[in-house]
Amino acid sequence: MHFSTQLCKAIVPQLDNFDYAILSILQQDNRTPLRTIGEQVHLSAPAVQRRIKAMEESGVIAANTALVDPNQVGKSLTILTEVYIESERLDLLDAIKAAFVAAPEIQQCYYVTGDADFVLVILVATMAEYDALTRRLFFGNPNVKRFRTLVALDRIKTGSAVPLPGLSHS
């Protein structure tokens, strides 16, 4: 699926420097009081609230969630898995995507270019839990040709913040 640059610009909401500054603050702590945000970006609290509401309604702000430390909830193994499939026939592709989305152990899933077809970020408590997942999702799926497992030794950098235009990223 290819989108022209003009089409992409048409569906992206027009954000200004105030919006980017608000988003930057919210990405650090989405519980920051409106008054505090307003003081930092030089807007009134009601103006900040209107901008946040507009960004939520337009989908710029996709969700307000808590970031949970996997180690603190017993999911200390981070496993990166490359999945190679037999066929990219649309019904088979949609089925495997749905299976990946439905698996709570899969934190992130990317359909990629290159040798592998998918790259998964998986959080589990034990290798036995990962083995059960592989049996369910990979060995039990005739469309999975093979998969490659990389076990993370250390979580050096994780997060969900999106780099924003016009702001310093030091």
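The values are calculated or read from the model by the stated rules, or taken from the named source; none is laboratory data. No experiment lies behind these values; they were computed from the predicted model shown. Every residue, glycine as well, gets a Cβ built from its backbone with ideal geometry; the counts of neighbours run over all protein chains shown. For the accessible areas, the whole protein counts, side chains as well, though only heavy atoms, and no ligand, DNA or RNA atoms are used. Shrake-Rupley method; radii C 1.70, N 1.55, O 1.52, S 1.80 Å.
Mind checking which residues of the range 21-47 are closer than 19 Å to Ala63 by Cβ and among the hydrophobic types (A, V, I, L, M, F, W, C)? It would help to see each step written out before you state the result.
Pass one, the range 21-47, residues closer than 19 Å to Ala63 by Cβ: 22-32, 34, 37.
Ile22, Leu23, Ile25, Leu26, Leu34, Ile37, listed by residue number.
Is it fair to say Gly140 is at positive phi and open to solvent by 40 Å² or more (accessible area, probe 1.4 Å)? Explain how you work it out, then say what you get.
Details: at positive phi: no; open to solvent by 40 Å² or more (accessible area, probe 1.4 Å): yes.
Here the answer is no, as Gly140 does not meet what is asked.
Across the range 76-115, which residue is farthest from Arg155 (Cα to Cα) among those that are of a type outside the set (Gly, Ala, Ser), open to solvent by less than 70 Å² (accessible area, probe 1.4 Å) and assigned to a loop (DSSP other than H, G, I, E, B)?
Val112
Whether any residue in the range 7-29 is open to solvent by 70 Å² or more (accessible area, probe 1.4 Å), within 19 Å of Pro165 (Cβ to Cβ), at pLDDT below 95 and among the β-branched types (Val, Ile, Thr) is what I want to check.
Yes, the range 7-29 contains at least one residue that is open to solvent by 70 Å² or more (accessible area, probe 1.4 Å), within 19 Å of Pro165 (Cβ to Cβ), at pLDDT below 95 and among the β-branched types (Val, Ile, Thr).
Of the conditions (1) in contact (Cβ under 8 Å) with a residue 60 or more places away in the chain; (2) outside any helix (DSSP H, G or I), Val68 fails just one. Which one is it?
(1)
Of the numbered conditions (1) over 19 Å from the mean Cα position of the chain (by Cα); (2) at pLDDT below 95; (3) surrounded by 10 or more Cβ atoms within 10 Å (Cβ to Cβ); (4) of a type in the set (Val, Ile, Thr), Val68 satisfies every one except a single condition; which is it?
Here Val68 clears every test but (1).
Inspect all residues belonging to the range 156-164 and state whether any of them is open to solvent by 70 Å² or more (accessible area, probe 1.4 Å), in a loop (DSSP other than H, G, I, E, B) and more than 30 Å from Asn30 (Cα to Cα).
No, the conditions are met nowhere in the range 156-164.
Which members of the range 127-139 meet the condition of being touching a helix residue (DSSP H, G or I) at 6+ places or on another chain (Cβ under 9 Å) and either among the charged types (D, E, K, R) or farther than 24 Å from Gly74 by Cα (or both)? Lay out the reasoning, then the answer.
Restricting attention to the range 127-139, the residues satisfying the condition of being touching a helix residue (DSSP H, G or I) at 6+ places or on another chain (Cβ under 9 Å) are 136-137.
If the condition is that a residue be touching a helix residue (DSSP H, G or I) at 6+ places or on another chain (Cβ under 9 Å) and either among the charged types (D, E, K, R) or farther than 24 Å from Gly74 by Cα (or both), then Arg136 is the only one that fits.
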